[in-house]
């Protein structure tokens, strides 16, 4: 383990308050973008799963009020 503070980048230099704030903002934006991307990917996966289940569902016949059968 090293004895360097948390605000030290990998180069071994300490960050100024302004640079540290910019770094924190960048990390926050990145985290938000990653969460949004994960939500989007999960939504796409659910949509594909629903579509696959819908495609595999057998067609059923229903009687309409005119005594005609229609496939849905």
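Please verify whether residue 47 is part of a strand (DSSP E or B) and either at pLDDT below 90 or out of contact with any helix residue (DSSP H, G or I) (no Cβ under 8 Å at 6 or more places or on another chain) (or both), treating the condition exactly as stated. Break it down stepwise before answering.
Numbers: part of a strand (DSSP E or B): no; either at pLDDT below 90 or out of contact with any helix residue (DSSP H, G or I) (no Cβ under 8 Å at 6 or more places or on another chain) (or both): yes.
Criteria not met by residue 47.
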request  = Run residue 21 past the list (1) modelled with pLDDT of 70 or more; (2) not in a helix (DSSP H, G or I) and report the number of the one that doesn't hold.
outcome  = (2)
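The values are calculated or read from the model by the stated rules, or taken from the named source; none is laboratory data. What you see is a predicted model, and the numbers here were worked out from it, not measured in a lab. Neighbour counts run over all protein chains shown; Cβ positions are idealised from the backbone, glycine included.
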